[in-house]
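Below: one structure, written as structure tokens.
The values are calculated or read from the model by the stated rules, or taken from the named source; none is laboratory data. Quick caveat: nothing in here was measured; it's all calculated off a predicted structure. Glycine also receives a Cβ, built like all others from the backbone with ideal geometry; neighbour counts cover every protein chain displayed. In case anyone asks, the SASA skips ligands and DNA or RNA and just uses the protein heavy atoms, side chains included. Shrake-Rupley method; radii C 1.70, N 1.55, O 1.52, S 1.80 Å.
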Amino acid sequence: MTGKPTYQRPMLVRHQAGLMNKLSRVAGMRPLTEIDGVPVAALVERFGSPLFVFSERSIVSRHRELRDALSVRLPKARLAWSYKTNYLDAVCKVMHREGSLAEVVSEMELDKALRQVAGTEIIFNGPYKPEGALEKAFRAGARVHLDHFDELARAEAVARRLGLAPKVALRINMSLPGITPWSRFGFNLESGQALDAVRRLRAGGVLQLAGLHAHVGTFVQDVDAYRQEARKLSELANLLAREHGVMVEWIDLGGGFASNNTLHAQYLPGEQVTPSFAQYAEAIAEGLAALALPPGREPTIFLETGRALVDEAGSLVTTVHATKRLTDGRRALILDAGVNSLFTAFWYRHDVVPAQPFAGTPEPTILYGPLCMAIDVVRDQLLFPPLSPGDRIVVRNVGAYNVTQWMQFITDRPAVVLVSRTGEAALMRRRESVETLLAQEEVPAWLA
Amino acid sequence: MDTLQRLKDLAVSESGFVFDPHSGQTFSLNETGRAILEALKRGETVEQIVTDLRQGFEVEPGADLGRDVHEFLLLAREQGWPVPQVEAP
Ligand SMILES: Cc1ncc(COP(=O)(O)O)c(C=O)c1O
């Protein structure tokens, strides 16, 4: 030691009133050097960068937290893992091991789920279920949730052909104050379309109406939406029992709970505004109190919670490739992962932290990905410490939707790793390569 | 007004807080930035500044001080500081 101060890249920041809020707090920023006890540097050395890392501990603890919040209020509640959120086999396995059913919205997801659970443990949603998929679902005993009248007729035809009388549910959409209605899915409640569907289904004499389903939105931060949704579906169930002789066996309230992320349009950080599982569960229980079915006929309550269960478990480790200075004075970092891997950068002001101890005064910084496109921005404004090429950054809370919606655009999709509760790390999905790409390609004979 | 005088007018505190009496604006510098500003006030060239920094700081191998100083000077010019024109390193 010479006693000299350590050299840091020189930095100059002009003070601007009001800027701090926009850039969010930096005072509390701590490096994230380990994920569940495994050094980030070791993970990158072993599996490369960029790298998605999932914490099994986090998935399990979130799952149990939600299950417990429900079970103390609702005796017959079950979770159905929303495959679209993250359908890596290993992630689904953890969810199923914890007691979740599978909620699928396509034939591909159905095929994936059938490899993991019994058909009767599958809920099949979505507006597009071709005949072949319906047939597969009915044969397996899956719960098919019907989305529109054409599908109802198609499902009847398939069931009739198979000589089955499957139990199905109707997806219902409704207007809720403050929530943009997802009216394109299911049968509308207020207009009377839902009851038309009930009559139509019963008149068909093939399918058995056994459930009601709704999904009111995604990243819904207002627990009151769930109170009202639960109340409206309860009242519909009461009406079916009273006037149509239909006793529903399940009510599925869909997904949509917010995770700890922060939307672009949001002022306060997610962890300060996102309701707890207990608050959501409480609202649901209050809404369901309107149910007035005979004792012993209480329906099973399903929830299809997606992002709130898995977002926190996932991190994206990325490496600083270069740093540059923009003409407006901001520092820019070019990272090896961009919106191609991190689709959710379009929705969230992601929580990003350096993966190694850092020094120096934070300055206004923009984080770019590696793509040759203007939209490739991981974070557009934050106060960030000065980093150098080769330094690593962890983007936190990225476990939902990224490893399903990522794009194969100009480069490979990164590897995905799971860290076990005992600190073991193993691949869940290999990094792609040019071979992955070429495996799908053909060159027409006349060009060969 | 001559450039050097305007530079000398920039008031710098121990903690790197800078006040520009001509524009009324305030800035923060880190320790390295402050060393560069002091060197500019002494009228040093980029080369002399780099030498100063090497003497005054513990520099990790691989650090490109010439590029860093150049970049800092460009940034300072953009902020309206009376910094002499510099050549790219
Ligand atoms: C029918 C259905 N269920 C569940 C989900 C999961 O939603 P979330 O991830 O917001 O919980 C979705 C997502 O849009 C959905 O469409």
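Observations on the model:
- Projected label distance in nm at A:L164 and B:S13, using a 7 Å step from Cα toward the beta-carbon: 7.4 nm
- Karplus 3J(HN,Hα) series, Hz, for segment B:19-25 with 6.51 cos²θ - 1.76 cosθ + 1.60 (x for Gly, Pro): 10, 9, x, 7, 9, x, 8
- Normalised contact order of segment A:130-281, rounded percent, pairs of Cα under 8 Å and 6 or more residues apart: 19 percent
- Helix-only CD estimate at 222 nm, as mean residue ellipticity for the protein assembly as shown, using -39500 (n - 2.57) per DSSP H run (n ≥ 4): -9500 deg cm²/dmol
- For chain A, built as a Gaussian network whose Cα springs stay under 10 Å, the top-fluctuating residue of A:Q221, A:Q266, A:Q405: A:Q266
- The accessible-area ordering, largest first, of the residues A:R297, A:R227 stands as A:R297, A:R227, per a 1.4 angstrom probe.
- Against chain A, whose longest principal axis comes from its Cα atoms, helix A:193-204 is set at around 50 degrees.
- Dividing the alpha-carbon radius of gyration of segment A:126-303 by the rule-of-thumb value 2.2 N^0.38 Å gives 1.09.
- Under a Gaussian network description of chain A, with springs only between Cα atoms under 10 Å, the residue in A:T274, A:T327, A:T344 that fluctuates furthest is A:T327.
- Close Lys-Lys pairs in the protein assembly as shown, where close means Cα under 16 Å and separation is 8 or more or interchain: 8
- The value of relative contact order for chain A, using C-alpha pairs under 8 Å at least six residues apart, is 20 percent.
- The convex hull defined by the C-alpha atoms of segment A:181-227 has an orientation-averaged projected area of 4.1 nm².
- Taking segment B:3-78 and dividing mean pair separation by its residue count, relative contact order in percent (alpha carbons under 8 Å, at least six apart): 21 percent
- Nearest-10 value in Å² for the accessible area of B:R54, using the 1.4 Å probe: 120 Å²
- Computed on protein heavy atoms with a 1.4 Å probe, the accessible areas place A:C92, A:C372 in the order A:C372, A:C92, largest first.
- The listed residues A:S71, B:S13 rank as A:S71, B:S13 when sorted by accessible area, largest first, using a 1.4 Å probe.
- Accessible area per residue was computed with a 1.4 Å probe on protein heavy atoms; A:I301 scores about 10 Å².
- Annotation: the antiparallel percentage among DSSP beta bridges lying fully within the protein assembly as shown is about 50.
- Residue-wise HN-Hα coupling along segment A:340-353, computed from phi with Karplus coefficients 6.51, -1.76, 1.60 (Hz; x: Gly, Pro): 4, 9, 10, 4, 5, 4, 6, 9, 10, 8, 5, 7, 10, 9
- On the beta carbon distance between A:L447 and A:Y128, with R0 = 35 Å, the FRET formula returns roughly 0.55.
- Distances between placed amide hydrogens fall under 5 Å for B:A63 paired with no residue 5 or more residues away or on another chain.
- Share of alpha-carbon pairs per 20 Å distance bin for chain A, given as whole %: 23, 49, 24, 3, 0
- Between 0 and 90°, nearest 10: helix A:56-71 axis offset from chain A longest Cα axis: 40 degrees
- Distances between placed amide hydrogens fall under 5 Å for A:V377 paired with A:V339, A:G369, all partners being 5 or more residues away or on another chain.
- Once the chain from A:A203 to A:M247 is taken as fully extended at 0.36 nm per residue, the excess over their C-alpha distance is 14.2 nm.
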